[in-house]
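The values are calculated or read from the model by the stated rules, or taken from the named source; none is laboratory data. Being a predicted model, the structure only gives us computed values, none of them experimental. With ideal geometry, Cβ positions are generated from the backbone for all residues, glycine too; neighbour counts draw on all protein chains shown. Accessible surface areas use protein heavy atoms only, side chains included; no ligands, DNA or RNA. Shrake-Rupley method; radii C 1.70, N 1.55, O 1.52, S 1.80 Å.
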Amino acid sequence: MCQLLGMNCNVPTDICFSFEGFSARGGKTDDHSDGWGIAFFEGKGCRFFIDPKSSVSSPIADFVRRYPIHSTHVIAHIRKATQGEIALENCHPFRRELWGQYWVFAHNGDLPNFSLLGMQFYQAVGNTDSEKAFCLILETLRERFPFGKPPLEELYPVLQEITDKLASTGIFNYLLTNGEHFFAHCSTKLCYIVRQAPFAAAHLIDEDVTVDFRELTTPSDRVAVIATTPLTDNEVWTPIAPGELLVFKDGLPIK
């Protein structure tokens, strides 16, 4: 299956350090080499890079590793194909518009018992179960709230309902964001860490790279990093319980 990486923070931050270790799993330290992608929110806009090449051999991934794009919401994905051929249209994350906002989604798992029927608005371009699941999420939200985006208190239980339905058909770890709230659902394996003052140094598992965040941050900065498995070996990562749907805002889980 695939691997997920997300970042949510209270000030625009670059993901170069985390992506350095994460991308190594796309063919160097692990075998997730069937494509990769990353999306960065900047205000209402969303930078978006995908490539069917492995993240260790992709020139686009090399650019992302070296270029400090600053964002408060980031989703990245490295793919090990289970459904759908290795092709650009099947690379995560996927992006669609809903209520005048970009929504970005990436999935780790397999939904062998899921089929997409009766869709009126959202259609999958590729042939992955992941993109079809994303289409169902957005279609359902659009149907339940036809007049615009509801407050989180109303949106969350509907998203939980759709998530439970999809998770009943297979393994459904996912990351989802609209650039305002960041959702993370664990079906089997997902964890996170919140970095805030007092900051310290962190060392990657997949590369011999250490960063001292005390040199790069201010006391008010706060960054949550979400990943399939921990990216560092000298920090304490919090596992998300199977079945749990977390919401992150400004670098903290709020629900």
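General observations
- Cβ-Cβ distances below 7 Å connect the following pairs, each with a first residue in segment 239-255 that is among the β-branched types (Val, Ile, Thr), a second residue that is in a loop (DSSP other than H, G, I, E, B) and open to solvent by 60 Å² or more (accessible area, probe 1.4 Å), and a separation of six or more residues or different chains: Val247/Ile254; Val247/Lys255.
- Positions within segment 4-53 being within 16 Å of Ile69 (Cα to Cα), touching a Gly at 6+ places or on another chain (Cβ under 8 Å) and basic (Lys, Arg), in sequence order: Lys44
- Some residue of segment 32-48 being farther than 26 Å from Pro239 by Cα and within 13 Å of the chain's Cα centre (by Cα): yes
Residues are listed down the side, and each one gets a yes or a no for (1) over 16 Å from His181 (Cα atoms); (2) at pLDDT below 90; (3) touching a helix residue (DSSP H, G or I) at 6+ places or on another chain (Cβ under 7 Å):
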{"residue": "Ile69", "(1), (2), (3)": "yes, no, no"}
{"residue": "Gln83", "(1), (2), (3)": "yes, yes, yes"}
{"residue": "Ala87", "(1), (2), (3)": "yes, no, no"}
{"residue": "Cys91", "(1), (2), (3)": "yes, no, no"}
{"residue": "Arg96", "(1), (2), (3)": "no, no, yes"}
{"residue": "Tyr102", "(1), (2), (3)": "no, no, no"}
{"residue": "Gly109", "(1), (2), (3)": "yes, no, no"}
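- In segment 237-254, the residue that is farthest from the chain's Cα centre (by Cα) out of those that are under 14 Å from Asn8 (Cα atoms) and either at pLDDT below 95 or assigned to a loop (DSSP other than H, G, I, E, B) (or both) is Ile254.
- Pro52 vs. criteria out of contact with any Pro (no Cβ under 8 Å at 6 or more places or on another chain) and farther than 23 Å from Ala224 by Cα: yes
- The residue that is farthest from Glu161 (Cα to Cα), counting only those in segment 93-146 that are part of a loop (DSSP other than H, G, I, E, B), open to solvent by 70 Å² or more (accessible area, probe 1.4 Å) and touching a residue at least 40 places away in the same chain (Cβ under 8 Å), is Pro112.
- Residues of segment 237-255 that are hydrophobic (A, V, I, L, M, F, W, C) and open to solvent by less than 70 Å² (accessible area, probe 1.4 Å): Trp237, Ile240, Ala241, Leu245, Leu246, Val247, Phe248, Leu252.
- Meeting the requirement of 3 or more residues that are open to solvent by less than 10 Å² (accessible area, probe 1.4 Å), the strands (runs of 3 or more DSSP E) wholly within segment 1-92 are 3-14, 36-42, 70-78.
- Complete set of residues in segment 87-118 that are over 20 Å from Leu5 (Cβ atoms) and touching a Lys or Arg at 6+ places or on another chain (Cβ under 9 Å): Leu98, Trp99, Gly100, Gln101, Leu111, Phe114, Ser115, Leu116
- Considering segment 153-236, the qualifying strands (runs of 3 or more DSSP E), each wholly inside and each with 2 or more residues that are of a type in the set (A, V, I, L, M, F, W, C) and either farther than 18 Å from Val104 by Cβ or open to solvent by 60 Å² or more (accessible area, probe 1.4 Å) (or both), run over 191-196, 201-203.
- Within the set Phe17, Phe22, Phe41, Phe48, the sole residue that is aromatic (Phe, Trp, Tyr), closer than 19 Å to Arg96 by Cβ, touching a residue at least 60 places away in the same chain (Cβ under 8 Å) and in contact with a strand residue (DSSP E or B) (Cβ under 8 Å, 6 or more places away or on another chain) turns out to be Phe41.
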